[in-house]
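Participant: Quick one: the structure is below, and I'll ask about it shortly.
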Amino acid sequence: MHLKQFFLLLLSTSTIAFGQQKKDVIVPNENLITENIPEISKELANKVKKYTETRGASFVAINPLKEEIIIATRFGTTPQFHLVSKPLGARKQITFFDEPMSNGYYEPTKGESLIYSKDVGGNEFGQLYSMNLQTLQSTLLTDGGRSQNGNLIWKKDGSGFFFASTKRNGGDRDIYYMNPNDPKSTKLILQVKGGGWGIGDISSDEKKLLIEEGISANESHLWMLDIETSQLTEVTNRTDKSIVQSKAKFSSNPNEIWFVTDRDNEFQRLATMDLLTKKITYHTTDIPWDVTQYVMTEDKSKLVFVTNEGGLNKLYLMDSATKQFSEVKSIPIGLISSLGFSKNGNSLFFTQSTADSASDVYQLILPSNEIVRWTESELGEMKKEDMSKPNYIEWKSFDKLNISGFYYPASSKFTGKRPVLIMIHGGPESQSNASFLGANNYYTNEMGIAIIFPNVRGSSGFGKTYIAKDNGFLREDSVKDIGALLDWIGLQPELDKDRVMIMGGSYGGYMTLATAFHFADRIRCSVDIVGISNFNTFLKNTEEYRRDLRRVEYGDERDPKMYAFLDKIAPLNNTDKIKKPMFIVQGTNDPRVPLTEALQMRDKLRAQGNTVWYLEAKDEGHGFKKKPNVDFQRLAVIRFMENYLLN
């Protein structure tokens, strides 16, 4: 055979093999940037598919004239709005966007239109639109630029609504009024300083707004705005420090308001204030947990509130006049969100999920307390026996502080000591709950990996002292809580202390990076998702409306001592101590933790010769939301686990 013929045959054989190989692998979509991620077989994708086809439904709004609701659920790549006209009725899709939908507000008199917000590519610059529910045509109401718009309160006659927006300068969240039929006439009614302002409620005579000013997770204040004069007056004392005063609503008594506060208490209680005397009366003191949300009927005669009790939610019904309340016990134990009363106050709609079911929408019928299910979301091919259930665990940290979390064991079909995935929440004031694992059941049921969701100091739900224990110069104490968890893992006979992976997003991404250098000899690998690699560069580059709010939590980098401290603890400045493989995941359009945080960490680790996988989505922001991107990220993480955690 001539040399030329040999090379032609070799080329032909290679081309066939290459083409055949490509048919058997998953190709990232055009929005994904991948670096150093090995090929992912379709065989793996088919195995994982059993766990990835679950969907949930969440309550959005109820029609003011009839018992018809809007829900958000996913049938394509992102959650969209659907109309549901009866319990377990057909879900009629009414939005068809590439971007996920979540917040919608019915016009309050006829229910013929809907105001909703939508961003582009996860950039969180939500713009307001009006949708005609007969034609399903939408009209842009706001500027369409780099502003955030939301927090709507309608006037009762439907002639217009109040909303909060950063449109003036991108940093301060002012209050505006808009007639949606004439959006060009939008009027600024309150100009403020800071990004934490929002609207709580409108008075029955529609002359006043309750306004909240958020300073941090530990401090907020209430104000009263005269709509006609734009005069702003204090409701709570603005000089009070480290007190939460939020979620304010007008009572049926014009001289009284409802709100939630942790004043004189570790936990946030439901309370009322006499506006004339400023006397505060607390109504949930006997419940030693936070009241996380509440909603009132239009006539203010009844309210329901939700508590967070150790990572699970309970629902309570209260008579507004007598202040007597009782737990609604006819619902399964789980997580509750998205509350909304019907106009007549006879029905409450809410979203709930449990440890073995995705979120769905339910109706509480009053006064019988009957629970009616309105949606039943599919779990794909998963069965109840495929799902790991959470166990509450506790351990002592370096300073004897009690830390807790939820432990999802690996399937009992696996023998021997099991590898461990520690998944750290963001916030940092968020909280890991006893939630539905969803697709993460693949890790426990098919890979034999145990999962632990810790609530390190700084997490919400455990009192205001606990939530402040990681602020400023105390930042690395929360990292030590993970070190103590590694000690706990070493004492469990069923867990393998030598096979531990850390994964977290946002602040949890910082915790992942910090753990990677503080405990490099005690972990196998790490997955950093939209994580902070240096608080100083993060505070410089995060969006302006967030900067001051984050400084309260992380420390003010303009103080030279704080700058030096943040520089010292930055994972970016401690990469020489990171020895194990790292997977970095980032959304290009992230306004919270900018792309630069991921790039600088990736580049420095790579320059040092570390093993670094990198995944970036050009159409995502603070975490992936679109199913094709989410699915690829999961498959890539599984390959990472196979390479570095299991082997």
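Participant: State all residues of the range 273-296 that are more than 18 Å from Ser337 (Cβ to Cβ) and in contact with a Lys or Arg (Cβ under 9 Å, 6 or more places away or on another chain); if no residue qualifies, say none.
Facilitator: The answer is Met273, Ile280, Thr281, Tyr282, His283, Thr284, Thr285, Ile287.
Per-residue answers, yes or no, for (1) among the aliphatic types (A, V, I, L, M); (2) in contact with an Asp or Glu (Cβ under 7 Å, 6 or more places away or on another chain); (3) closer than 19 Å to Glu124 by Cα; (4) modelled with pLDDT under 95:
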| residue | (1), (2), (3), (4) |
| --- | --- |
| Phe162 | no, no, no, no |
| Arg168 | no, yes, yes, no |
| Asp174 | no, no, yes, no |
| Tyr177 | no, no, no, no |
| Leu188 | yes, yes, no, no |
| Glu212 | no, no, no, no |
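Participant: Here's a follow-up. Tell me, please, whether a residue that is at pLDDT 95 or above and over 24 Å from Thr354 (Cα atoms) can be found in the range 418-434.
Facilitator: The answer is yes; a qualifying residue exists.
Participant: Moving to a separate point now. Being touching a residue at least 24 places away in the same chain (Cβ under 8 Å), crowded, with 21+ Cβ neighbours inside 10 Å and touching a helix residue (DSSP H, G or I) at 6+ places or on another chain (Cβ under 6 Å) narrows it down to one residue among Leu114, Leu128, Leu141; which is it?
Facilitator: Result of the check over Leu114, Leu128, Leu141: Leu141.
Participant: At least 3 residues that are under 23 Å from Arg524 (Cβ atoms) and assigned by TED's automatic domain parsing to the domain that holds Gly508 in each: list the helices (runs of 4 or more DSSP H) lying fully within the range 375-494 that qualify.
Facilitator: Filter on the range 375-494 gives 441-446, 475-490.
Participant: Which of the residues spanning the range 207-234 are in a loop (DSSP other than H, G, I, E, B), over 31 Å from the mean Cα position of the chain (by Cα) and surrounded by 15 or more Cβ atoms within 10 Å (Cβ to Cβ)?
Facilitator: The answer is Ile227, and nothing else.
Participant: Here's another thing I want to ask about it. Pairs under 9 Å by beta carbon, first residue outside the structural domain of Tyr466 (by TED's automatic domain parsing) and over 12 Å from Gln245 (Cα atoms) in the range 263-277, partner hydrophobic (A, V, I, L, M, F, W, C) and crowded, with 16+ Cβ neighbours inside 10 Å, six or more apart or different chains?
Facilitator: Glu266/Phe462; Asp274/Ile257; Asp274/Ile280; Leu275/Met224; Leu275/Val235; Leu275/Ile257
Participant: Between residues in the range 313-338 that are under 14 Å from Val295 (Cα atoms) and residues that are hydrophobic (A, V, I, L, M, F, W, C) and outside any strand (DSSP E or B), which pairs lie under 6 Å by C-beta distance while being six or more apart or on different chains?
Facilitator: Leu315/Val328; Leu317/Val328
Participant: Tally time: how many residues in the range 602-623 are within 24 Å of Leu549 (Cα to Cα) and not in a strand (DSSP E or B)?
Facilitator: The initial filter retains those residues of the range 602-623 that are within 24 Å of Leu549 (Cα to Cα), namely 620-623.
Next, from what is left, pick out any that are not in a strand (DSSP E or B): 620, 622.
Of the residues in the range 602-623, 2 are within 24 Å of Leu549 (Cα to Cα) and not in a strand (DSSP E or B).
Participant: Would you point out the residue of the range 505-562, among those that are part of a strand (DSSP E or B) and hydrophobic (A, V, I, L, M, F, W, C), that is surrounded by the fewest Cβ atoms within 10 Å (Cβ to Cβ)?
Facilitator: First, pick out the residues of the range 505-562 that are part of a strand (DSSP E or B): 505, 525-529.
From what is left, the residues that are hydrophobic (A, V, I, L, M, F, W, C) are 525, 527, 529.
Values: Cys525: 21, Val527: 28, Ile529: 26.
Selected residue: Cys525.
Participant: Testing Thr444 on (1) within 25 Å of the chain's Cα centre (by Cα); (2) over 16 Å from Glu494 (Cβ atoms); (3) buried (at least 16 other Cβ atoms within 10 Å of the Cβ), one condition comes back false. Which one is that?
Facilitator: Thr444 satisfies every listed condition except (2).
Participant: Scan Lys568, Lys580 and give me the residue that is without any contact (Cβ under 8 Å) to a residue 24 or more places away in the chain, among the basic types (Lys, Arg), surrounded by fewer than 22 Cβ atoms within 10 Å (Cβ to Cβ) and in the same structural domain as Asn541 (by TED's automatic domain parsing).
Facilitator: On the way: Lys580 fails: without any contact (Cβ under 8 Å) to a residue 24 or more places away in the chain.
Residue meeting the stated conditions: Lys568.
The values are calculated or read from the model by the stated rules, or taken from the named source; none is laboratory data. Given the structure is predicted, the values throughout are model-derived calculations rather than measurements. For neighbour counting, all protein chains shown are included, and Cβ atoms are generated from backbone atoms with ideal geometry for every residue, glycine included.
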